[in-house]
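Before I ask anything, here is the structure I am working with.
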Amino acid sequence: MTLRPSPSNLCRSAGCTLTGALSVTTHVCDAITVVHGPAGCTHHNFSLLHATSLDNDHVSLPPLVSTGLSETDVIFGGEGALDHTLDQVIARDPGAVFVLSTCIVDTIGDDVGMVCGSKAGVPVIVVPTAGFLGGSFQTGVNNALVALAGLAEPATGNGRVNIIGEKNLEYEVDENFAEVSRLLTLLGLSVNVRFVHDVTTRQIASLGAAWLNVLRDPSLIPVGEHLRERFGTPYIPGYPVGISGTIAFLESVAGASGIDPRHALDEEHALRQETLDDFADIAGLGVSFFPHPPDPEGGRVAQDIAQALRLDITSTGRPVPVPVTPPIGITGVRRMLHRWRRALHA
């Protein structure tokens with residue numbers, strides 16, 4: 001019998017709560033993540049993260065350690081296994097230790113906070129990740145970011161910008177970061193911390209010094225609110241999406257930072273027109289989108305781009321791909337239009 005049905009709108013397409021948190025904690029270069037649970041949970045996620053890094057042309061081994069709970073531990077409690085594992089990991093002198101629990105640990109009732117609180121020498125941070133009562137991948141990401149923010153303290157503003165919650169498992173993570181950095185540079189701004197993507201605990205410590213946080217997408221608004229309450233930092237709720245998103249993004253960042261955006265807007269308008277001119281050879285052609293129907297946001301962005309190029313959207317048009325994640329900024333739009341051009345001229 002199901003005692004607590006999962007919400008009907010719950011999305012688990014990207015994985016479980018533990019996987020979401022691991023996509024964050026494993027990008028702190030000088031830290032070690034301890035997965036408290038059976039070895040299989042760690043092995044599964046290690047394989048996923050390692051394969052993803054290879055797909056993104058990075059050869060790296062996720063810094064994961066499992067407490068390796070046995071059947072006996074599950075019956076009589078796994079706190080001793082966690083205590084022993086933490087002693088071994090702390091002896092390596094990492095910058096921090098992140099402790100993530102599996103569903104079985106919450107089921108048997110281990111007091112993870114008590115065990116971690118007894119340790120000294122390095123920060124030992126507990127990240128809630130047992131998702132069997134309705135948690136999702138995004139829940140794990142948000143919980144990890146909130147927990148890791150504990151490595152920082154309020155600080156004097158340095159006039160820079162934090163990038164919050166990059167999707168570390170997507171192929172274009174670095175390209176999307178480069179596009180956002182380009183736009184910030186147009187406004188005379190620079191990045192303070194990529195929270196969290198390939199950073200150290202020392203870099204995270206300066207999180208509270210930024211003047212502004214840019215969230216990867218609106219699903220991170222709870223994190224943005226937490227950081228605003230803790231450090232007083234305002235936030236922009238998402239990356240610039242599609243062909244018109246960069247203009248709105250520049251205006252939002254400039255407004256939050258007290259910057260005159262006119263010069264940046266002129267440059268971006270010129271780049272937008274240059275992009276449309278570069279793909280004038282496909283203007284006016286008939287297209288259809290696949291998959292059909294596309295993701296609602298991706299479909300909206302694709303329609304905006306098609307209209308800007310005067311493409312005729314019909315059910316009989318040649319199929320062009322709509323990516324799962326909508327293109328970020330003009331750079332992302334250009335990548336998508338190159339794919340459209342290949343499909344239309346095939």
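List pairs: first in segment 261-279 and in contact (Cβ under 8 Å) with a residue 24 or more places away in the chain, second of a type in the set (S, T, N, Q) and open to solvent by less than 30 Å² (accessible area, probe 1.4 Å), Cβ under 9 Å, 6+ apart or cross-chain?
E268/T246; L271/T246; R272/T246
Among the numbered conditions (1) in contact with a strand residue (DSSP E or B) (Cβ under 7 Å, 6 or more places away or on another chain); (2) free of Cβ contacts under 8 Å to residues at least 60 places away in the same chain; (3) farther than 30 Å from G165 by Cβ; (4) open to solvent by less than 30 Å² (accessible area, probe 1.4 Å), tell me where L309 comes up short.
(1)
Right, something else. Test R300 against the stated conditions and say whether it is of a type in the set (K, R) and farther than 24 Å from V173 by Cβ.
The answer is no for R300.
Take L86 and decide whether it is at pLDDT 85 or above, in contact with a Lys or Arg (Cβ under 7 Å, 6 or more places away or on another chain), closer than 17 Å to D111 by Cβ and not β-branched (V, I, T).
So L86 passes the test.
Another question, if that's okay. Within segment 46-63, identify whether any single residue is aromatic (F, W, Y), within 30 Å of Y171 (Cα to Cα) and either at pLDDT below 95 or crowded, with 20+ Cβ neighbours inside 10 Å (or both), and answer yes or no.
yes
Being aliphatic (A, V, I, L, M), under 16 Å from the mean Cα position of the chain (by Cα) and assigned to a helix (DSSP H, G or I) is the requirement here; does I221 meet it?
Spelling it out, I221 is indeed aliphatic (A, V, I, L, M), under 16 Å from the mean Cα position of the chain (by Cα) and assigned to a helix (DSSP H, G or I).
State yes or no: is G238 open to solvent by 50 Å² or more (accessible area, probe 1.4 Å), within 23 Å of the chain's Cα centre (by Cα) and modelled with pLDDT of 95 or more?
Taking the combined requirement at face value, the residue does not satisfy it.
One line per residue, one yes/no per condition, for (1) within 25 Å of A248 (Cβ to Cβ); (2) open to solvent by less than 30 Å² (accessible area, probe 1.4 Å); (3) of a type outside the set (D, E); (4) over 30 Å from the mean Cα position of the chain (by Cα):
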site: L265; (1), (2), (3), (4): yes, yes, yes, no
site: T275; (1), (2), (3), (4): yes, yes, yes, no
site: D281; (1), (2), (3), (4): no, no, no, yes
site: R300; (1), (2), (3), (4): yes, no, yes, no
site: T314; (1), (2), (3), (4): no, no, yes, yes
site: V324; (1), (2), (3), (4): yes, no, yes, no
site: V333; (1), (2), (3), (4): yes, yes, yes, no
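Same structure again: Please enumerate the residues belonging to segment 145-196 that are touching a Phe, Trp or Tyr at 6+ places or on another chain (Cβ under 7 Å), in contact (Cβ under 8 Å) with a residue 60 or more places away in the chain and surrounded by fewer than 20 Cβ atoms within 10 Å (Cβ to Cβ).
Answer for segment 145-196, where residues must be touching a Phe, Trp or Tyr at 6+ places or on another chain (Cβ under 7 Å), in contact (Cβ under 8 Å) with a residue 60 or more places away in the chain and surrounded by fewer than 20 Cβ atoms within 10 Å (Cβ to Cβ): just P154.
Would you be able to tell me the number of residues in segment 197-221 that are of a type in the set (G, A, S), within 18 Å of E297 (Cβ to Cβ) and either open to solvent by 50 Å² or more (accessible area, probe 1.4 Å) or free of Cβ contacts under 8 Å to residues at least 60 places away in the same chain (or both)?
Summing the residues that are of a type in the set (G, A, S), within 18 Å of E297 (Cβ to Cβ) and either open to solvent by 50 Å² or more (accessible area, probe 1.4 Å) or free of Cβ contacts under 8 Å to residues at least 60 places away in the same chain (or both) in segment 197-221 gives 0.
Continuing with the same structure: Working only within segment 120-130, note down all residues that are over 19 Å from the mean Cα position of the chain (by Cα) and within 11 Å of V34 (Cβ to Cβ).
V124, I125, V126
Hey, could you check segment 67-89 for residues that are open to solvent by 40 Å² or more (accessible area, probe 1.4 Å) and not acidic (D, E) and say which is nearest to T139 (Cα to Cα)?
Filtering segment 67-89 for residues that are open to solvent by 40 Å² or more (accessible area, probe 1.4 Å) and not acidic (D, E), the one nearest to T139 (Cα to Cα) comes out as V74.
List every residue pair whose Cβ atoms sit under 6 Å apart, with the two residues 6 or more apart in sequence or on different chains, where the first one lies in segment 230-251 and is touching a residue at least 60 places away in the same chain (Cβ under 8 Å) and the second, anywhere, is among the aromatic types (F, W, Y).
P240/F249
Being of a type in the set (D, E) and either crowded, with 17+ Cβ neighbours inside 10 Å or touching a Ser or Thr at 6+ places or on another chain (Cβ under 7 Å) (or both) is the filter here; which residues of segment 90-141 pass it?
Answer for segment 90-141, where residues must be of a type in the set (D, E) and either crowded, with 17+ Cβ neighbours inside 10 Å or touching a Ser or Thr at 6+ places or on another chain (Cβ under 7 Å) (or both): D106, D110.
The values are calculated or read from the model by the stated rules, or taken from the named source; none is laboratory data. The model shown is predicted, which means the values in this text are computed figures rather than measured ones. Positions of Cβ are backbone-derived with ideal geometry, glycine not excepted, and every protein chain shown enters the neighbour counts. Ligands, DNA and RNA are excluded from the accessible area calculation, which covers all protein heavy atoms including side chains. Shrake-Rupley method; radii C 1.70, N 1.55, O 1.52, S 1.80 Å.
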